[in-house]
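Notes follow the structure.
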Amino acid sequence: MHQGIQRLLSGAATLLLATAGAVALPATGAEAATGLTNPGFESDGSATATSTGWSTYSAAGRNAASYTEAGGQAGSYRLTHWSATAYQVETYQYLSGLANGNYTLTAWVRSSGGQNSAYLALRNCGSAEQRTDLPPTPNGGWIRLVTSVAVTGGQCTVSINSDANAGNWLNVDALTFTPGGTGLAVKGGDVSSLKKSEDKGGVYRNAAGTTGDALTVLNSAGMNYVRLKVWVNPADGYNTKAQVLAMARRAKALGMGVLVDFHYSDHWAHPGQQDKPAAWASYTTAQLGTAVYNHTYDVLNALKAQGTTADLVQIGNEINGGMLLPTGSASNWADLAGLLKQGVNAAKAVSSSTRVALHLAKGGDLAGTRVFFDNAVADGVPFDLIGLSYYGYWHGPLNDLQATLDDAAARYGKPVFVAETAYAFTTANNDALENNFLAANVQSGYPATQAGQAANLRDVLNVVEAVPNGRGLGVFYWEPTWTAVAGNGWDPADAGSGNAWENQALFDYTNKVTSAASWFKHR
């Protein structure tokens with residue numbers, strides 16, 4: 001990632017601190033579209049320690065750690081920060097003559113990870129400094145990031161920063177600085193297990209250690225949506241219409257939005273199983289369609305009747321291979337499409353403003369996502385949103401998530417969101433059941449610590465926010481409240497079953513909210 005190191009170091013003794021100066025906005029060409037001079041680091045035509053239009057600052061005189069070299073994301077060159085010893089360096093460009101308003105910096109980045117900090121910033125813009133941290137990309141994949149700011153004084157400084165250890169590196173390329181803002185409408189969590197946890201004695205504490213209501217703790221941290229699954233006739237009586245109604249009232253009282261996730265099963269529905277409810281087992285295809293419609297309408301109409309109309313609805317959960325198998329198999333799209341249409345039609349009959357999503361567990365699988373949604377479109381299945389599960393330790397690197405989200409948003413013209421994500425704050429266990437996330441699942445750049453969990457959630461949020469044309473809707477963290485509580489295990493038919501998820505909750509083993517929850521305040 002630092003091909004020009006030897007050349008750079010040989011001339012390092014001649015480098016002087018560059019002084020910032022006003023940069024006149026160019027009038028024509030690519031730079032006019034960005035507001036930046038030399039946004040792709042191409043102007044000098046060869047690897048160099050100084051790049052036209054950009055300045056470098058290091059309080060410790062480590063300017064040599066910032067340089068351009070061959071191997072850009074879009075062109076021939078890129079900006080690199082690297083040094084064989086620890087360093088702090090900033091590469092920046094001062095813009096003046098800006099009309100007041102919101103602006104967005106977009107940049108393609110990659111990074112070794114391991115820095116004390118590595119981030120893009122917009123500062124001295126007349127409002128609070130805005131930052132976006134660079135994710136670790138050990139596979140060398142480029143990630144597009146965005147940072148937005150309100151300019152109120154006609155000027156702004158675009159800044160690229162490293163506080164790094166020896167050998168850490170980052171690359172930045174193809175920046176733009178354009179009018180308009182970004183943000184995420186949904187910063188949510190699936191709290192389907194919470195009511196049972198509370199009934200079985202679950203305790204939740206805020207960051208100060210004070211016991212409180214888990215929803216209130218998470219909402220205070222910035223979580224603004226809940227996701228609630230619905231089972232048809234579960235063995236333990238939880239995740240039914242009654243619990244969904246109660247949880248929706250609590251969420252709406254806190255000003256939170258509600259997503260209802262229909263599994264169309266008596267227990268877990270996911271890529272490995274999509275079982276019919278026992279009461280529907282002998283139904284014909286037509287009868288199944290009627291049952292889907294009636295069940296969907298019943299739950300959503302009850303929510304509407306109590307004044308908590310669902311904002312978002314999922315018709316099926318992780319339906320990669322279909323739902324209500326074998327009838328609704330993805331190998332028989334005519335029948336699957338018919339079942340999906342019944343669910344969508346029921347949701348819209350209750351509330352035309354409720355947005356309906358189809359949900360796959362394919363956050364890193366662009367080709368598989370295309371196959372499913374191409375079939376859905378071809379068979380006339382209406383949908384408003386595309387939801388994808390993304391667990392980095394199962395679905396691959398962040399650049400695969402970004403490619404899949406970007407493609408789905410553009411190809412189908414729909415907003416996209418991460419319907420499920422999570423990461424561990426420890427590999428230790430807190431009950432007798434082995435956890436899903438083990439030491440082998442730890443991802444490079446994301447240790448199984450509270451800081452690693454927080455960084456992972458931060459970076460998923462950043463990737464969704466960067467979906468072009470404002471089509472990144474948001475992220476739901478899966479089961480942030482599913483702590484190890486006796487009686488609240490994974491199997492609704494076995495009260496003694498354990499929990500394999502407690503090390504990925506957003507409450508630690510002292511029941512205190514983890515630092516990752518603070519990223520719900522993401523802009």
Can you pull out every residue in the range 493-523 that is open to solvent by 20 Å² or more (accessible area, probe 1.4 Å), in a loop (DSSP other than H, G, I, E, B) and not small (Gly, Ala, Ser)? ASP494, ASP508, TYR509, THR510, ASN511, ARG523
Checking ASP407, ASP384 in turn, the sole residue that is more than 22 Å from ASP459 (Cβ to Cβ) and in contact (Cβ under 8 Å) with a residue 12 or more places away in the chain turns out to be ASP384
Looking only at strands (runs of 3 or more DSSP E) that lie completely in the range 145-251, which have at least 2 residues being open to solvent by less than 30 Å² (accessible area, probe 1.4 Å), modelled with pLDDT of 95 or more and under 19 Å from ASP311 (Cα atoms)? 186-190, 225-230
Where residues in the range 252-278 are in contact (Cβ under 8 Å) with a residue 12 or more places away in the chain and assigned to a helix (DSSP H, G or I), which of them is least open to solvent (accessible area, probe 1.4 Å)? LYS252
Output the number of the condition that ALA378 fails; it satisfies all remaining conditions of (1) surrounded by 17 or more Cβ atoms within 10 Å (Cβ to Cβ); (2) more than 26 Å from ASN462 (Cβ to Cβ); (3) in contact with a Phe, Trp or Tyr (Cβ under 9 Å, 6 or more places away or on another chain). (1)
Taking into account only those residues within the range 439-453 that are in contact (Cβ under 8 Å) with a residue 40 or more places away in the chain and of a type in the set (S, T, N, Q), which is least open to solvent (accessible area, probe 1.4 Å)? GLN453
Can you name the strands (runs of 3 or more DSSP E) wholly within the range 74-135 that have at least 1 residues being within 17 Å of SER55 (Cβ to Cβ) and open to solvent by 10 Å² or more (accessible area, probe 1.4 Å)? 87-96, 117-123
Using beta carbons and a limit of 9 Å, which pairs, at least six apart or on different chains, have the first residue in the range 422-438 and in contact (Cβ under 8 Å) with a residue 24 or more places away in the chain and β-branched (Val, Ile, Thr) and the second one surrounded by fewer than 20 Cβ atoms within 10 Å (Cβ to Cβ) and assigned to a loop (DSSP other than H, G, I, E, B)? THR426/THR449; THR426/ASP508; THR426/TYR509; THR427/LEU438; THR427/VAL442
Going by what's in this entry, would TYR103 be described as touching a Pro at 6+ places or on another chain (Cβ under 8 Å) and of a type in the set (Ser, Thr, Tyr)? yes
Go through the residues of the range 346-357 one by one and say whether even a single one is among the hydrophobic types (A, V, I, L, M, F, W, C), open to solvent by 10 Å² or more (accessible area, probe 1.4 Å), under 19 Å from the mean Cα position of the chain (by Cα) and over 21 Å from GLN274 (Cβ atoms). no
Tell me, which helices (runs of 4 or more DSSP H) wholly within the range 323-395 include 3 or more residues that are more than 30 Å from SER444 (Cβ to Cβ)? 333-350, 366-378
Hey, can you tell me all the residues within the range 392-422 that are within 17 Å of ASN139 (Cβ to Cβ), of a type in the set (Ser, Thr, Tyr) and open to solvent by 10 Å² or more (accessible area, probe 1.4 Å)? TYR393
Residue under question is VAL464, and the condition is that it be assigned to a helix (DSSP H, G or I) and either open to solvent by less than 10 Å² (accessible area, probe 1.4 Å) or within 27 Å of VAL258 (Cα to Cα) (or both); does it hold? yes
Does the range 331-352 include one or more residues that are hydroxyl-bearing (Ser, Thr, Tyr) and more than 14 Å from VAL260 (Cβ to Cβ)? yes
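The values are calculated or read from the model by the stated rules, or taken from the named source; none is laboratory data. Computed from a prediction, not measured in an experiment: that's the story for all the values here. Ideal geometry is used to build each Cβ from the backbone, glycine not excepted, and the neighbour counts take in all protein chains shown. Quick note on the areas: whole protein, heavy atoms, side chains included, nothing else; ligands and nucleic acids left out. Shrake-Rupley method; radii C 1.70, N 1.55, O 1.52, S 1.80 Å.
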